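The values are calculated or read from the model by the stated rules, or taken from the named source; none is laboratory data. Since the model is a prediction, treat every value here as computed from it, not as a measurement. All Cβ positions, even for glycine, are placed from backbone atoms using ideal geometry, and neighbour counts span all protein chains on display. Surface areas here come from the heavy atoms of the whole protein model, side chains and all, with no ligands, DNA or RNA. Shrake-Rupley method; radii C 1.70, N 1.55, O 1.52, S 1.80 Å.
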Amino acid sequence: KKLSLLVCGGAGYIGSHMARMLDSYGYEVTVFDNLSTGYSKALKWGEFIKGDLRNPDDLDKALGSKKFDAVFHFSGLIVVSDSVKHPFQYYDNNVTGTLNLLQAMRNHGVNKFVFSSSAAVYGEPVMDLITESHPLAPLNPYGKTKLYVEEIIADYATAYNFNSVSFRYFNAAGAHPDGSIGEAHRPETHLIPNILLSSLDQGRKLKIFGDDYPTPDGTCVRDYIHIQDLCEAHLAAINFLETAHGAHSFNLGNGNGFSVLDVINAAGDVIGKKIPYEFEPKRDGDSPRLVADSSKAHNILNWTPRYKDLREIIETAYRWHKNPVF
Ligand code: UFG
């Protein structure tokens, strides 16, 4: 039987790649999105229901529109520095909105949930390679919203036979290799898109936030994981939830750390020109180093990222950025 899946946030960067992959595997896809940060041009896969997580009636209609087998939840506000300035918006959308979604799922008898969490739940790194048993001490409201939802769905597992997978994404990057969908945020805050935009538009200066982090070159180190690899882990989660009970959290990363300067150099190689930059003060809430140990996802979900080379990841991003479709 073809499973029917609700993809909340399916007009966004990760959600649209997911909707496309699910559709290509023959799942019945329904996208729920308020189009606040997503793009209607990205709505090419499945049926679309416009609605907002903060409005329980919208959710009731969406969940009542057919019998869903599972819900994927990509509808998050994601800008760390905004979460520091505007905590209400982050708690309202990411926590209250998710609680509304969980309530609608209960009302409509759906008990399988795949949640987009974040490496931001860990905070200041005390492990070189972060495993899921690293202390959970988010540095900012954004990371707290992700942690609170993980805790809520763990309580739901105990009380309501509610089964979930939380994926703690490290830095999602790259685009579909055919270049037809990609990563775009308004305003753009992410490193790889900002590097590519600065190389395509001479008027846009690339800024590096902070030069005195406790890292080898003083800039922040991150683990860049290709969007298609991320989405494949979600496919594995559907199979896992066929039999698994409880709330499960998995890191999704590549296991390699690249500094901001490493990423700029790799992008320079891909584009074939040197990329100018200037240093700016640190951003609020940035962690110096976030690099994943993803062996749990490897061992339990049988997931292995295919994109190992940062240049290859940037190449897919560049293919889309040269000719972006919004
Ligand atoms: N950076 C710059 N210049 C830019 C953009 C980013 O120097 O123009 C730096 C940041 O300071 C950071 C690194 O590049 O050190 C990566 O920044 P991103 O904004 O691309 O990604 P983040 O690591 O801040 O955030 C991402 C996701 C979050 C998630 C976090 C933790 O966007 O949702 O990873 O895994 F919480």
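The table below gives the values:
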read-out: Reachable lysines, given that their alpha-carbon falls under 24 Å from the alpha-carbon of K112 and they are not under 8 places away in the same chain; value: K1, K2, K50, K61, K66, K67, K144, K146, K296
read-out: Helix-only mean residue ellipticity at 222 nm for the chain, each DSSP H run of n ≥ 4 adding -39500 (n - 2.57), per residue, nearest 500; value: -11000 deg cm²/dmol
read-out: Cα lying deepest toward the dipole's positive end in segment 1-112, options L63, P87, Q103, charges on Cβ; value: L63
read-out: Solvent-accessible heavy-atom area per residue, rounded to whole Å², over the chain at 1.4 Å; value: 42
read-out: Rounded Å value of the spacing that divides the Cα centres of segment 211-278 and segment 181-204; value: 17
read-out: Portion, in percent, of the accessible area of the chain that falls on carbon or sulfur, probe 1.4 Å; value: 50
read-out: Karplus-derived HN-Hα couplings along segment 167-172 (A = 6.51, B = -1.76, C = 1.60, θ = phi - 60°), whole Hz, x at Gly and Pro; value: 9, 8, 5, 8, 9, 5
read-out: Distant-in-sequence amide H partners of F32 (H built 1.01 Å from N, under 5 Å); value: V7, C8, G9, G10, I49
read-out: Accessible surface ranking that places the most exposed of R306, R20, R168, R54 first, with a 1.4 angstrom probe; value: R306, R54, R20, R168
read-out: Within the chain, percent of DSSP bridges classed antiparallel, to nearest 5; value: 5
read-out: Net dipole in debye of segment 98-176 [+1 Lys, Arg Cβ; -1 Asp, Glu Cβ; about Cα centre; nearest 20]; value: 300
read-out: Kirkwood Rh and Cα Rg combined as Rg over Rh, evaluated for segment 86-147; value: 1.07
read-out: Cα gyration tensor, segment 272-326 - rounded (a/c under 1.5), prolate or oblate; value: oblate
read-out: Hz values of 3J(HN,Hα) by residue in segment 194-205 - Karplus curve (6.51, -1.76, 1.60), Gly and Pro given as x; value: 5, 5, 5, 4, 5, 7, 8, 10, 4, x, 9, 8
read-out: Qualifying lysines (Cα of each under 22 Å from Cα of K274; at least 8 residues distant if same chain); value: K205, K207, K322
